[in-house]
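The values are calculated or read from the model by the stated rules, or taken from the named source; none is laboratory data. The model shown is predicted, which means the values in this text are computed figures rather than measured ones. Heads up, the Cβs are rebuilt from the backbone with ideal geometry, glycines too, and the neighbour counts pull from every protein chain shown. When the accessible area is computed, the model is the full protein with side chains, heavy atoms only, and any ligands, DNA or RNA have been set aside. Shrake-Rupley method; radii C 1.70, N 1.55, O 1.52, S 1.80 Å.
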Amino acid sequence: MVQKKRAKIVVIGSVNMDLVIECDRLPHPGETLTGQDCATIPGGKGANQAVAAARLGADVYMVGRIGDDTFGRVLRDGLEKNGVNTHYLKTTRGVSSGTAMIVVQKGGENSIILSPGANGKVTAKDVESALPVIRNADAVLLQLEIPTSAVLRAVKLCKKHGVMSVLDPAPAPVSGLSQGLYRVDIISPNETEAATILKGKNTTPEWITRRLLEEGAGHVVLKLGKRGSVHADRTGVMTHVKGFKIRPVDTTAAGDSFTAGLAVARAEGLSWADALRFANACGAIACTRFGAQPSLPRRNEVLRLLRSS
Ligand code: RIB
């Protein structure tokens, strides 16, 4: 895929330090398990998407908050080293940086508990202050690890200024999504998240995409894990693109890698089918490596996988 232009991406979301322990399996309630050494790895759905987009060749701004602590300094530094502009990443006094406790079991499945810390202090005003870069962006990437009021303001600003908005509805709220969030151009859940927000049982991709479109989303891109992904919109055409065969090591941040890939590919003008294939490759590579941000692929690695299959 020849890069005809550098996509301009703004990510509004969370920045976390992940504390990760590898274990043979996930613990049962009340059980104590012994795992490997605890690793401290930069993560957060927002920051992961920002780093992923930058490694794919986009110009990226990160909008969010970190605490005035050691983790915060390491996280900002890591973003900058990856070429992400942190002008709109605020350091907040008296609060810890976001932290995620992650257990990864053999085969790659994980379990995450999040402590939002400074992410919980992101305001609609923070989002408004980033308007100069939002209105110039090709795409704005959103997730749900910061207050909904801030995400809603971002959706409104994108609508007003004709900027493509992409929502990863994760973590999926059990109470469902605020109606205003369905005004995004692209909603991109996985099947579990979609079932949670739609309160559905025995869901199929056809049912999920139809319901999300009925709620108001412009396009639905459903992540199906190793089965690939599906695109649907109001034309009634549904496109399924198969996934890549890989041996998963750790699925942490695979969804973030996918979403960043999708946004970059669409911003560069790829068709839906090609954008899904590109995004599938981004997600697949992230599954083959341990940790969140260290697992995110660079553009040349993605192109190599696309050429080889
Ligand atoms: O999507 C993966 C991310 O979810 C992790 O990096 C962790 O920080 C949690 O936010």
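Before moving on, here are some points about what is shown:
- Loop sites in segment 53-122: trypsin sites (Lys or Arg not before Pro), DSSP, at most 15 other Cβ within 10 Å: Arg93, Lys106
- Apolar share of the accessible surface for the chain: 51 percent from carbon plus sulfur atoms, 1.4 Å probe.
- Each Lys and Arg adds +1 at its Cβ and each Asp and Glu adds -1 at its Cβ; summed about the Cα centre, the chain shows a dipole of about 860 debye.
- Residues in the chain average 44 Å² of solvent-accessible surface per residue, probe 1.4 Å, ligands and nucleic acids excluded.
- Kirkwood-Stokes translational diffusion coefficient of segment 165-212, alpha-carbon pairs, 10 °C, 1.306 mPa s, µm²/s: 148
- Scaled to the globular estimate 2.2 N^0.38 Å, the Cα spread of segment 151-309, given as radius of gyration, is 1.00.
- By the rule of a C-alpha distance below 20 Å, with chain neighbours fewer than 8 residues away ignored, the aspartates and glutamates paired with Lys121 are Asp18, Asp68, Asp69, Glu145, Asp168.
- Of the residues Arg6, Arg247, Arg277, the one with the largest accessible area comes first in the ranking Arg247, Arg6, Arg277, computed with a 1.4 Å probe on protein heavy atoms.
- Placing dummy labels 7 Å off each Cα toward the beta-carbon, the span from Glu128 to Lys201 is 4.5 nm.
- Only alpha carbons enter this Debye calculation for the chain, each as an equal point scatterer, and the log10 of I(q)/I(0) it gives at q = 0.09, 0.10 Å⁻¹ is -0.40, -0.49.
- Listed pairs Lys125/Lys160; Lys8/Lys245; Lys45/Lys90; Lys8/Lys45 exceeding 24 Å between Cα atoms: Lys8/Lys245
- Principal axis dimensions, segment 247-303 - Cα atoms, whole angstrom, descending: 31, 19, 18
- Two-site label geometry, Thr34 and Arg6: point separation in nm, points 7 Å out along Cα→Cβ: 5.0
- All-pairs Cα distance distribution in segment 10-164, expressed in whole percent, bin size 10 Å: 12, 39, 31, 15, 4, 0
- Note on Lys160/Glu80: beta-carbon distance plugged into 1/(1 + (r/R0)^6) with R0 of 25 Å gives a FRET efficiency of 0.25.
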